[in-house]
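These notes concern the structure reproduced below.
The values are calculated or read from the model by the stated rules, or taken from the named source; none is laboratory data. If you're wondering where the values come from, they're calculated on a predicted model, not measured in any experiment. In this analysis, Cβ positions are derived from the backbone assuming ideal geometry, glycine residues included, and neighbour counts consider all displayed protein chains.
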Amino acid sequence: MTYQVLARAWRPQRFEEILGQDAVVQTLRNALATGTLGHAYLFAGRRGVGKTTAARLLAKAVNCAEGPTPDPCGHCVSCREITDGSSLDAVELDAATHTGVDDVRDLQDLLRFHPTRDRFRVVIVDEVHMLSKSAFNALLKSIEEPPPYVLWVFATTERHKIPATILSRCQQLEFRPVSTERIAARLLEIAKHDGFSLAASAAETIARAADGSVRDALSLLDQLRAFAADRVDDEAVAEVLGVPRFEVMVELVEALAEGKAAAGLAVLRRELEAGHDTTVLYREVGRVLRAAVHCVLDPSLELSLTEDQRRRLEPLAQSLGVDALTRMLGLWADQEPLLRDAGNRELALEVAALRLARWPAVQQLERVLGGAPGGTVPPADASRGGRGRGGGGVGGAGDPRARLAAVLWDGQPRLASAVEKAEVAVESEALVLRFAAGDAGLAAFAASEASTKALQAACSAVFGGARKVRVESPGGAGAAVADALEQAALADPALELARRVLGGEIVAVRPDSGPT
């Protein structure tokens, strides 16, 4: 016996069997039940969501021996012929191949005659947007004032290409993309009915790859059955569809979230060499980030994950938290135009990954500049005399500079950074900060009135007693910086923190031109 593909074998034969189009189905059933059916309908939506199927069911409903009825019997002569495609009173025209005005005129000649047997002559025009301008013009009168026995049903994937004069004469129904969850559930139902093995995680991956199209999902399942000999699992899906394993994508996100750019690129390169498409990899990273956000906010929001996938993802989600994950997800979403428009998509994907890997450093800098108690900053280059927060580095916990900076970090992070650049001496009547010639801007900042007061308070808290603050640098605090604007800019330790966290050097200082 000839094998019938799943998309045909499982084509809906009743309105309620159409998946994911509840609003459309309810509208048509109500019109049939109340006798308020229109004379022309436009079914719009992406491929494989049920437009042509609904049109054929509508033809059955109006011509069924028990109708017109919202529940055609499926057994009478009219229903059987429409199912088989042999009905003389249900005419289907493929506008992709019959685009001209002559094709429309031949159809109009047919419509002058009453139905051969049924109540209505139903004309289904698929991909109607492909008709020529002259063909559309020829249709206008027939659609506006058709004979009472004619019912028009147009189907299109590109409604915006249809002239407004045609749209205004039709009742328009929008067919939505079907959710991943509903498609996956239908695939599992089919597998159970037809007696082959389909892993739940594999069904979910197939459904996502179908991108809202039930027909595409069924076609993919057919392909996988042929490859996997009726045992469709995650490995088969990864091999045939080129979809990376969820665990690998979590590994990639973990590396990028920790700022481990080299490790992340290694995972990415491995997946690219395995033949996985750049667009699929980009989409799957976004899926992991989105699922992680859902796991933190409310696990019930993410129904597409298997239990194994959820257990693998939850530690990452909980460790990062919703704020960091949301920022990372937004940053990743911003890279979509880069990938879409790039001539070299592999390079664009690597750039997107490298940008995401910079997120931990940016987050760290934000904490430091915001004065958060938990803010830390990487140690400065040892050749420049810097130390990390909390007294690390040369001098240990007994170093007066480290002890003073440790107190300042929790309320004055910029001043603490400046202190870390100086040599600190605690004399009987003075706290002395000595800066190198190249750090004259920091010296000027430390010598300001506000900084002096903060240093006096910190010194009293750490060493006891009241002391004056004396700031020293070769030639005076401002001698190394001739220009007043440059001196003021370089005196801000935020620039030094940004340099240390993000890398790079200050090459020029220009006045702010104001908001643009």
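Only one entry in Arg56, Arg29, Arg46 is in a loop (DSSP other than H, G, I, E, B) and either at pLDDT below 95 or out of contact with any strand residue (DSSP E or B) (no Cβ under 6 Å at 6 or more places or on another chain) (or both), namely Arg46. For Ala59, only one of the following conditions fails: (1) surrounded by fewer than 19 Cβ atoms within 10 Å (Cβ to Cβ); (2) under 17 Å from Trp152 (Cα atoms); (3) among the hydrophobic types (A, V, I, L, M, F, W, C). What is its number? Status for Ala59: all satisfied but (1).
Here the condition is being over 23 Å from Arg56 (Cα atoms), free of Cβ contacts under 8 Å to residues at least 24 places away in the same chain and not charged (D, E, K, R); of Ala185, Ala138, it holds for Ala185 alone.
Could you run through the range 93-107 and say how many residues are within 44 Å of the chain's Cα centre (by Cα) and not in a loop (DSSP other than H, G, I, E, B)? Total satisfying the criteria: 5.
Out of all the residues in the range 76-86, is one or more surrounded by 15 or more Cβ atoms within 10 Å (Cβ to Cβ) and either among the acidic types (Asp, Glu) or not in a helix (DSSP H, G or I) (or both)? Yes, the range 76-86 contains at least one residue that is surrounded by 15 or more Cβ atoms within 10 Å (Cβ to Cβ) and either among the acidic types (Asp, Glu) or not in a helix (DSSP H, G or I) (or both). Scanning the range 241-276 for residues that are surrounded by fewer than 17 Cβ atoms within 10 Å (Cβ to Cβ) and either in contact with a Pro (Cβ under 6 Å, 6 or more places away or on another chain) or not in a helix (DSSP H, G or I) (or both) yields Gly242, Glu258, Lys260, Ala274, Gly275. For the range 127-144, the count of residues that are in a strand (DSSP E or B), in the same structural domain as Leu42 (by TED's automatic domain parsing), of a type outside the set (S, T, N, Q) and more than 21 Å from Phe15 (Cβ to Cβ) is zero. When Met328 is tested against (1) surrounded by 18 or more Cβ atoms within 10 Å (Cβ to Cβ); (2) of a type outside the set (Gly, Ala, Ser); (3) under 13 Å from the mean Cα position of the chain (by Cα); (4) within 23 Å of Ala209 (Cα to Cα), just one condition goes unmet, and that condition is (4). Among the criteria (1) in a helix (DSSP H, G or I); (2) modelled with pLDDT under 85, the one Leu303 does not fulfil is (1). If you go through the range 189-218 and keep only what is more than 24 Å from the chain's Cα centre (by Cα) and within 17 Å of Arg8 (Cα to Cα), you end up with Glu189, Ile190, Ala191, His193, Asp194, Leu218.
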